[in-house]
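Colleague: Sharing a structure with you now.
The values are calculated or read from the model by the stated rules, or taken from the named source; none is laboratory data. Model, not experiment: these values are computed from the prediction. Here the Cβ is made from the backbone with ideal geometry for all residues, glycine too, and neighbour counts use every protein chain on show.
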Amino acid sequence: MPLKAKLDGREIVSVLCSDRDWSEAQHASKGTENRLRMSCCDAPAYASHSPLDLRYFAHKSGYDRCPSGGESDEHESLKAAAARTVQSLAGWQADVEVSGDGWRADVLAMRGSIKIAIEVQLSAQAKRQTGARNDRFEASEVSAFWLKGPKNRFNDFGDGLQGPVHGASIREQMASVGVAVRNLIGAVERQVRMANELARLIRTIPGWKYDIDLQGTIPACFELQREAKRQQILLGELGPSLLPTIFRPVDGKQIGADQFAGAILQLRVNAPHLRGYQASSFQLASEDLANSLARQLRPILEGKKTWQGKEHTEVVPGAFVHYPEQCPGCETRFLRITHLLIGHPRRPRTLPVKVVRDEWRWYEPILSKAELLSRKVGLPLGPLVDHGESAYFQPKRVDQRCPVCGKQAPDPLISNDEALRAWPGRDEHFRYRLPAPGKGWSASTRWVMQLAPDAAVWDALLDAKRAERQKEREEERRREDLAEAERNRRYEELKRQAEERRQQRIADDLVRKAVDEQRAIEARRQAEEDRQARIVAQQEERKDKLRTAAETAIRDRLRRNLWLTTGNSHLRLAGDAVAPRPIEVAAQSKEGLEMALQLLRSTKF
């Protein structure tokens, strides 16, 4: 569906020409004179309408093999929607299929010196190709705006002005293209108005010179110079796509670090804030652009306001709080440093004086300054070192010791509040770079000069503190003496009680020993009695057994030989320990037997 043709040698665009030219083109395409010819190949053409009622030109039968090739109906429809949208905006003109030095624009939107090539890109295109085509447009002072189809929605398409094409149908996509082009033209018009009003404002402020960086033919950034100072002002209505091409580091410095006002300035009406590059954004009123610009930028360009971001710092002077100290061990006099007063006697109005007592991270960078102070006052400096390992997430402490014996320095005589209130010195011993509080546009830093307190008040305070410390030390010694006496008394008492317990243990041991000996004697006596009783019992038992055996034998027979085992010497053979000897008992009658038994019973074996 080509959109361009030649009518009697005059080039017309189907979607942009008047109804009269279109009627004449339709009439010419029906004749045989071939007054209507294609722009691409000069073949005879005829004028027609698409199903969407879109005007277009086509090759007559027999001439449809155009060497230039053709574009899809979808591409031609979106190109026509973009051209009609541009043509409908006041002051703007559009053309299609415009060629230049190495480029060919689907639609070229023009107003005065502004030229914008609107490219419908439905096929996939890589970042390298987009960059190369943008460079060719830029070389001809033409800005490129890309309408990206679904195939380029999520790939690395590249930088530049661009917008997506939405919609499932051709009609929806054409409406999407119309919205995107209308938004682009509106942003360009606002940006050009900003540039004109900003140029007028800069010319009213003495000392400033400026250059304008263009994105194609669109003003994008003002480069201001004032003596050796530089300020960039970004016209941000066209969005973040301009940032990579406009802002470049200068002399290796971070982008935005060398700005006169402390930040790159972004001007916008409807665009969002461009974050990064230390940019500060100003929302302008579209209906009152000139006054809005002057109200916000004039104080900045005149130096009445500066930007203070989260990285803003001020160099603040500081002093050591010090006095002569006497070592309690070896009585050596040395320089005792107790506090740091940062911002004393001169500080920014927004920054209070900082009092630091013993945090090592504050002392460590300025130890050399403490050595200079020591030589100046003529006292040796008690070494300042870190206190060693600190608790988890706790700052390391400063440890100051006697320079001779190494004994720990006494606690400071004065508190933080007393140091802040009464320190009379106005000398600047060191400097610190501190982060300034607050963020945003504010007036230049104003410094506060603090008056020195009376030195006599400081000396009186030190004397009073020394007297108080001496009194505390004497009281401490008295308490220690009392405690020592109490410890000695308790020691003697404990010693006496221990001796008493020892004597009692000795007496108890003697008693226990006598009792044990008596019990042993009783035990031996009882054992002997038990042994004698057992012997008697055993003898009786043997007698009973012998008598019983004899009686049994006598009853069984009137005459029986009894074999007795006995210890009686009369019944043993010579040399036998135990002699079995027969005893013959004879009886003629029971009476005689009873007499014999009685005789046996009375015999001692």
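Colleague: Working only within the range 154-179, note down all residues that are free of Cβ contacts under 8 Å to residues at least 40 places away in the same chain, buried (at least 17 other Cβ atoms within 10 Å of the Cβ) and part of a helix (DSSP H, G or I).
Modeller: Scanning the range 154-179 gives a single hit, Ser176.
Colleague: Lys439 fails exactly one of the following numbered conditions: (1) within 39 Å of the chain's Cα centre (by Cα); (2) touching a residue at least 60 places away in the same chain (Cβ under 8 Å); (3) surrounded by 14 or more Cβ atoms within 10 Å (Cβ to Cβ). What is the number of that condition?
Modeller: (3)
Colleague: Quick one: how many residues across the range 35-82 are polar (S, T, N, Q), modelled with pLDDT under 75 and loosely packed, with under 14 Cβ neighbours inside 10 Å?
Modeller: Residues flagged as polar (S, T, N, Q), modelled with pLDDT under 75 and loosely packed, with under 14 Cβ neighbours inside 10 Å within the range 35-82 amount to 2.
Colleague: Same structure, new question: Output the number of residues of the range 174-205 satisfying the condition of being in contact with a helix residue (DSSP H, G or I) (Cβ under 6 Å, 6 or more places away or on another chain) and over 21 Å from Thr217 (Cα atoms).
Modeller: Residues in the range 174-205 being in contact with a helix residue (DSSP H, G or I) (Cβ under 6 Å, 6 or more places away or on another chain) and over 21 Å from Thr217 (Cα atoms): 5 in total.
Colleague: Here is a follow-up. Scan the range 535-549 and report the pairs whose first residue is within 24 Å of Glu594 (Cβ to Cβ) and whose second residue is of a type in the set (Phe, Trp, Tyr), with Cβ atoms within less than 9 Å and a gap of 6+ or a chain change.
Modeller: Taking only residues 6 or more apart or on different chains, the pairs are Arg542/Phe605; Lys543/Phe605; Leu546/Phe605.
Colleague: Taking the condition more than 46 Å from the chain's Cα centre (by Cα), surrounded by 13 or more Cβ atoms within 10 Å (Cβ to Cβ) and either part of a strand (DSSP E or B) or of a type in the set (D, E, K, R) (or both), does Val120 pass?
Modeller: no
Colleague: Here's another thing I want to ask about it. Scan the range 2-11 for residues that are assigned to a loop (DSSP other than H, G, I, E, B) and surrounded by fewer than 19 Cβ atoms within 10 Å (Cβ to Cβ) and report the count.
Modeller: 2
Colleague: Another one. Looking at Ser14 and the list (1) surrounded by fewer than 21 Cβ atoms within 10 Å (Cβ to Cβ); (2) of a type outside the set (A, V, I, L, M, F, W, C); (3) modelled with pLDDT under 75, which single condition is not satisfied?
Modeller: The failed condition is (1).
Colleague: Would you call Glu364 out of contact with any helix residue (DSSP H, G or I) (no Cβ under 7 Å at 6 or more places or on another chain) and under 19 Å from Val315 (Cβ atoms)?
Modeller: Yes; evaluated as a whole, the condition is true for this residue.
Colleague: When you look at Ala132, is it assigned by TED's automatic domain parsing to the domain that holds Cys40, aliphatic (A, V, I, L, M), more than 17 Å from Leu214 (Cα to Cα) and assigned to a helix (DSSP H, G or I), yes or no?
Modeller: When the stated conditions are applied, Ala132 passes them.
Colleague: Scan the range 514-526 and give yes if some residue there is out of contact with any Gly (no Cβ under 7 Å at 6 or more places or on another chain), in a helix (DSSP H, G or I) and within 30 Å of Gln598 (Cα to Cα), otherwise no.
Modeller: no
Colleague: Let me ask another. Any residue in the range 469-481 that is surrounded by 10 or more Cβ atoms within 10 Å (Cβ to Cβ) sitting within a Cβ distance under 9 Å of a residue that is at pLDDT 90 or above and among the aliphatic types (A, V, I, L, M)? List the pairs, counting only those 6 or more apart or interchain.
Modeller: From the range 469-481, the pairs are Arg469/Leu413.
Okay, residues lined up against (1) assigned to a strand (DSSP E or B); (2) outside the structural domain of Arg268 (by TED's automatic domain parsing); (3) of a type in the set (D, E, K, R):
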residue	(1), (2), (3)
Asp288	no, no, yes
Asn291	no, no, no
Ala294	no, no, no
Pro299	no, no, no
Ala319	yes, yes, no
His322	yes, yes, no
Gly329	no, yes, no
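Colleague: Separate question: Kindly list, by first and then second residue, each pair from a residue in the range 358-383 that is touching a residue at least 40 places away in the same chain (Cβ under 8 Å) and surrounded by 15 or more Cβ atoms within 10 Å (Cβ to Cβ) to a residue that is of a type in the set (Lys, Arg) and part of a helix (DSSP H, G or I), limited to pairs with Cβ atoms under 9 Å and residues at least 6 apart or on different chains.
Modeller: Listed by first residue and then by second, the contacts come to Leu381/Arg375.
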